[in-house]
Amino acid sequence: MKLRYKITGAVLLLVTAGVAWLGYTLSHDSSCGQAPSLPGNAELMKAAVHRCYGPPDVLRVEDIEKPTPADNEVLVRVRAAAVNPLDWHYMRGKPYIMRMETGLGAPKNPRLGVDFAGTVEAIGKNVKRFKPGDEVFGGKFGAFADYVSVAEDQAVALKPVNLTFEQAGSVGIAAITALQALRDRGQIQSGQKVLINGASGGVGTFAVQIAKALGAEVTGVSSTRNVEMVRSIGADHVIDYTKEDYTQSGEHYDVILDNVANRSLLDNRRVLNAEGKYVLIGGGGPDAGPWIGVFAGPIKALVLSWFVSQDMGMFLADLNQEDLAVLRELMEAGKVTPVIDRRYKLSEIAEAIEYLEEGHARGKVVINLE
Ligand SMILES: NC(=O)c1ccc[n+]([C@@H]2O[C@H](COP(=O)([O-])OP(=O)(O)OC[C@H]3O[C@@H](n4cnc5c(N)ncnc54)[C@H](OP(=O)(O)O)[C@@H]3O)[C@@H](O)[C@H]2O)c1
């Protein structure tokens, strides 16, 4: 009996020590490292890098080695990139659990950015879909740089002919998320009532237009200063959240796309039709709890959906070439037009991310590459 207690105690001690070690390791921030020295003959380019985790002032613009496209890759001269909340997650290494992938203590890959638009400068010997001079857009990690190298079958597609590089560079993550969340997860049907909470931000401004293109009756939720902008991009109704709580309106929706997660799941359920879908895509800024802050909503939604008739859950986007082509068609048909809020230079990347972190962007924040 005594031995069993001893063994149980030892196991508990080991588990506690293991959890404490994991907690310390995941949350530990190493100090900022130096840029590695480069081979003398290396071709260089400018890129935004962070050699430690932290707030925007850890960002630097450095000369790093210009990529050489592999046999199946295209080398894109980036003309414009866009900032997404994903960038500050990488920059801060939060939630901590993501560091198991991005690097313990400090980032394994110091580069940042995903959305881009630019011109194909060179191609690998097996590339068939693109040629030098093509104007393209898409998503590739490390896009806050003069060049990115992308596999030809990954998230890269010909740029919509009617869009500027700035506009096309702002499409990637936000528009793909809006499209997939509404079409695939929300399964929007023509004539359905759709509410978009956070209609004036990066994802929201695409979501309003895509939901309209899919034939929905759209209600957007925004602050007072954005009401007219959200109406101007096609929303049939706009709720000013400073004056009215959409979960208390008495109106019912077939799909709620939630970019903000500032109302409880039960409140959202109250304004969903019996077979309605609540699609949670985000919420929570840099001050959210670094451990489970951003996961609390999805976990609760998963549990709640087991007990109610509505479908409630988290959605994660997948950047792919097919959906970039769908978006290109919508944009060339004039059904979707990116909304650009602010423009920054690469040297102002810290200011750009700091602005996005405030949580009140009106559409997209773009980085112009000089
Ligand atoms: N799951 C995925 O795959 C995925 C993909 C992309 C993004 N996300 C997440 O989705 C979220 C939104 O991304 P984003 O790019 O659209 O961010 P964003 O561009 O920073 O937009 C934030 C928007 O939230 C609005 N907002 C703030 N407080 C609000 C409130 N109380 N009620 C209604 N709206 C409010 C702001 O509008 P006002 O200025 O009018 O307040 C602003 O327009 C982020 O959490 C992001 O991490 C998830």
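Points to keep in mind about this one:
- Residues satisfying the stated conditions in region 304-320, i.e. within 9 Å of the ligand (Cβ to nearest atom), in contact with a helix residue (DSSP H, G or I) (Cβ under 6 Å, 6 or more places away or on another chain) and open to solvent by 40 Å² or more (accessible area, probe 1.4 Å): Met314, Ala317
Per-residue answers, yes or no, for (1) at pLDDT below 95; (2) of a type outside the set (Ser, Thr, Tyr); (3) surrounded by 11 or more Cβ atoms within 10 Å (Cβ to Cβ):
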residue: Tyr5; (1), (2), (3): yes, no, no
residue: Val15; (1), (2), (3): yes, yes, no
residue: Tyr24; (1), (2), (3): yes, no, no
residue: Ser27; (1), (2), (3): yes, no, yes
residue: Leu44; (1), (2), (3): no, yes, yes
residue: Lys66; (1), (2), (3): no, yes, yes
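- Filtered residues of region 153-182 (kept if among the charged types (D, E, K, R) and surrounded by 21 or more Cβ atoms within 10 Å (Cβ to Cβ)): Lys159
- Conditions (1) open to solvent by less than 40 Å² (accessible area, probe 1.4 Å); (2) among the acidic types (Asp, Glu); (3) in a helix (DSSP H, G or I): number failed by Glu348: (1)
- Residue count, region 213-237 (criterion: within 11 Å of the ligand (Cβ to nearest atom), open to solvent by 30 Å² or more (accessible area, probe 1.4 Å) and either touching an Asp or Glu at 6+ places or on another chain (Cβ under 9 Å) or modelled with pLDDT under 95 (or both)): 1
- Considering the conditions (1) open to solvent by less than 70 Å² (accessible area, probe 1.4 Å); (2) part of a helix (DSSP H, G or I); (3) out of contact with any Gly (no Cβ under 6 Å at 6 or more places or on another chain); (4) within 16 Å of the ligand (Cβ to nearest atom), Ala325 is excluded by exactly one of them, (4).
- Matching option when the condition is open to solvent by less than 20 Å² (accessible area, probe 1.4 Å) and modelled with pLDDT under 85, among Ala288, Ala301: Ala301
The values are calculated or read from the model by the stated rules, or taken from the named source; none is laboratory data. Note that the structure is predicted; figures quoted are calculated from it, not measured. We place every Cβ from the backbone using ideal geometry, glycine too, and count neighbours over all the protein chains shown. For the accessible areas, the whole protein counts, side chains as well, though only heavy atoms, and no ligand, DNA or RNA atoms are used. Shrake-Rupley method; radii C 1.70, N 1.55, O 1.52, S 1.80 Å.
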